[in-house]
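Structure first, then comments.
The values are calculated or read from the model by the stated rules, or taken from the named source; none is laboratory data. Remember, predicted model here, so these are calculated numbers, not experimental data. Glycine also receives a Cβ, built like all others from the backbone with ideal geometry; neighbour counts cover every protein chain displayed. Each accessible area value is taken on the protein alone, full model and side chains, heavy atoms only, with ligands, DNA and RNA left out. Shrake-Rupley method; radii C 1.70, N 1.55, O 1.52, S 1.80 Å.
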Amino acid sequence: MSLIWNREHDQYVRRQLLTRGERHVAPNTWTAFCRVALDGAKPDVVAQEMGISLNAVCLAKSRVLRRLRQESEGLIE
């Protein structure tokens, strides 16, 4: 029972963090982040798909991860 609760709790916290984080970044930044970090797409492929530089994709991922870390302070130990 507690394993199921822990998994569901972790999923809930993850969804909340992603929702909070999305509010604070530009749509293109969020899309690049999701494609790389959540979908597992390669950064160079995402850059080509979105018509942006590889550096922009890497910066988007970094910025969103930093924002998510900020949002998670106090929520995750």
What are the residues in segment 1-37 that are in a helix (DSSP H, G or I) and either touching a strand residue (DSSP E or B) at 6+ places or on another chain (Cβ under 9 Å) or of a type in the set (Gly, Ala, Ser) (or both), if any?
-> 2, 21, 32, 37
Can you spot a residue in segment 44-67 that is among the basic types (Lys, Arg), touching a Leu at 6+ places or on another chain (Cβ under 9 Å) and surrounded by 13 or more Cβ atoms within 10 Å (Cβ to Cβ)?
-> no
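Does residue 70 qualify as being assigned to a helix (DSSP H, G or I), more than 30 Å from residue 6 (Cα to Cα) and either open to solvent by 60 Å² or more (accessible area, probe 1.4 Å) or at pLDDT 95 or above (or both)?
No; evaluated as a whole, the condition is false for this residue.
Return yes or no: is residue 13 out of contact with any Asp or Glu (no Cβ under 9 Å at 6 or more places or on another chain) and touching a residue at least 60 places away in the same chain (Cβ under 8 Å)?
Answer is yes for this residue.
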Flag for residue 57 being among the aliphatic types (A, V, I, L, M) and at pLDDT 95 or above | yes
Identify the single condition in (1) in a helix (DSSP H, G or I); (2) among the small types (Gly, Ala, Ser); (3) at pLDDT 95 or above that residue 40 does not satisfy, given that it satisfies every other one.
-> (1)
Here the residues within segment 24-43 that are open to solvent by less than 50 Å² (accessible area, probe 1.4 Å) and of a type outside the set (S, T, N, Q) are 25, 30, 32, 33, 34, 36, 37, 41, 43
